[in-house]
1. Could you check the range 267-305 and list, in sequence order, the residues that are closer than 20 Å to residue 93 by Cβ and in a loop (DSSP other than H, G, I, E, B)?
2. Which one is surrounded by the most Cβ atoms within 10 Å (Cβ to Cβ), of the residues in the range 29-84 that are in a helix (DSSP H, G or I) and within 16 Å of ligand 2 (Cβ to nearest atom)?
3. Given the conditions (1) more than 16 Å from ligand 2 (Cβ to nearest atom); (2) in contact with a Pro (Cβ under 8 Å, 6 or more places away or on another chain); (3) not hydrophobic (A, V, I, L, M, F, W, C), report the number of the one that residue 143 does not fulfil.
4. What pairs come up if the first residue lies in the range 34-48 and is in contact (Cβ under 8 Å) with a residue 24 or more places away in the chain, the second is assigned to a strand (DSSP E or B) and of a type outside the set (A, V, I, L, M, F, W, C), and their beta carbons are under 7 Å apart, counting only those six or more places apart or on different chains?
5. Residue check, residue 93 against (1) over 24 Å from residue 235 (Cβ atoms); (2) away from ligand 1 (no atom under 16 Å from the Cβ), all met but one. Which one?
6. Looking at residue 286, is it within 30 Å of residue 23 (Cα to Cα), within 13 Å of ligand 2 (Cβ to nearest atom) and under 18 Å from the mean Cα position of the chain (by Cα)?
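The values are calculated or read from the model by the stated rules, or taken from the named source; none is laboratory data. Predicted, not measured: the structure shown is a model, and the values here were computed from it. Positions of Cβ are generated from backbone atoms using ideal geometry, with glycine treated the same way; all protein chains shown enter the neighbour counts.
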Amino acid sequence: MTKGTILLDTKLDVGDRKSIFIDAFHDRTVIDLADSDNADLSDVRYALVWLPEHGLLKSLPNLEIMFSLGAGVDHVLSDPDLPNVPLVRFVDPDLTGRMAEYVAMHCLLHLRQHKAYDALQQAHIWRELAQPAAQEISVGIMGFGLLGQAAAERLLPLGFKVKGWARSQKTMTHVKTFHGDDQLSSFLQETDILVNLLPYTPQTHGILNRSLCENLSRNGPFGAPVVINAGRGKSQNGAELLSCLQDGVLHGASLDVFETEPLEKDSPFWELTNVYVTPHVAATTSPQSLAQYVAEQLQRYENGEDLQNIVDPIRGY
Ligand code: NDP
Ligand code: OXD
């Protein structure tokens with residue numbers, strides 16, 4: 001039996017993605033979406049996509065599985081005309097480790113007042129700032145799922161106090177957990193550094209707004225809280241976050257994601273001295289790991305076993 005054809009969305013601008021996939025799937029036909037103009041897509045059974053053109057997936061008559069090129073799936077689910085086949089998201093120790101590393105690094109950068117020392121260095125000023133200990137800071141992780149829990153495991157040995165908030169009840173040793181809308185306010189009030197790792201859904205749209213920031217703890221050593229957003233840009237209300245960073249409601253922020261990406265060249269976020277801006281790289285997908293993951297899932301599927309990490313399209317993640 002011939003193995004199913006794969007349609008590959010190479011639009012993610014990362015290295016030699018296509019050749020890695022063609023090597024990994026040498027026993028299958030791989031059609032690269034970037035040069036598929038005259039290709040016959042009727043044999044495509046599996047599609048690996050990031051931001052597919054709306055309607056494309058529905059137009060594939062023999063499609064059996066959609067794979068997201070990332071852990072998040074909002075970009076795929078935004079297609080109003082999706083076919084009724086499973087959507088599998090990317091779950092991978094390499095990506096998870098990168099996210100934990102990003103979160104730990106940014107919590108430490110804020111703890112150790114790195115922005116302030118950078119400014120002092122620029123001005124050639126040798127000055128010691130008061131240095132709180134990690135134990136004095138509560139990091140609240142909003143979206144206490146796979147990545148949130150991995151980040152917690154990285155933060156605990158560094159000495160931070162860690163809290164987690166999810167939709168459903170979670171338990172983790174040494175972590176105080178909260179769940180549901182009713183407990184959001186209590187969670188925020190105990191949080192000095194807020195880390196957003198929520199998926200983007202209608203419920204999380206614009207959740208990082210002024211009222212949320214005003215609800216965060218102001219009892220931490222810096223007198224005002226910090227927000228780290230490594231989830232999705234549309235979960236933040238950019239204008240309100242900006243004003244909170246300007247008027248002192250927030251002490252600082254690390255923003256990896258934005259409502260519009262790439263971030264506009266004239267965005268005020270670039271200029272803020274209390275903000276770290278990165279171009280959606282908190283946890284990039286390794287093409288090698290992705291190819292291996294898809295190969296494993298296809299092997300399971302073609303052997304009649306269950307696929308893993310299937311997205312619930314109603315829940316949106
Ligand atoms: P998971 O699905 O494992 O975790 C999501 C968590 O969010 C779950 O704990 C879920 O609760 C919680 N959640 C969802 N909706 C709500 C809500 N309305 N209220 C409260 N909690 C909610 O996802 P991952 O941890 O793997 O990934 C999280 C997100 O990180 C991705 O969706 C993606 O957007 C982002 N991401 C960003 C990257 C970057 O480079 N910046 C890289 C990779 C991912 P429950 O468990 O109860 O369902
Ligand atoms: C992802 C991402 O969802 O990179 O994996 O944002």
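1. Those that are closer than 20 Å to residue 93 by Cβ and in a loop (DSSP other than H, G, I, E, B): 281, 282, 283, 284, 285, 286.
2. 76
3. The single condition residue 143 does not satisfy is (1).
4. Filtered contacts from the range 34-48: 43/5; 44/5; 45/5.
5. Tallying (1) over 24 Å from residue 235 (Cβ atoms); (2) away from ligand 1 (no atom under 16 Å from the Cβ), residue 93 fails exactly one: (2).
6. yes
Conditions (1) polar (S, T, N, Q); (2) modelled with pLDDT under 90; (3) in contact with a strand residue (DSSP E or B) (Cβ under 7 Å, 6 or more places away or on another chain), marked per residue:
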residue: 12; (1), (2), (3): no, yes, no
residue: 18; (1), (2), (3): no, yes, yes
residue: 25; (1), (2), (3): no, no, yes
residue: 41; (1), (2), (3): no, no, yes
residue: 45; (1), (2), (3): no, no, yes
residue: 49; (1), (2), (3): no, no, yes
residue: 55; (1), (2), (3): no, no, no
residue: 60; (1), (2), (3): no, no, yes
residue: 63; (1), (2), (3): no, no, yes
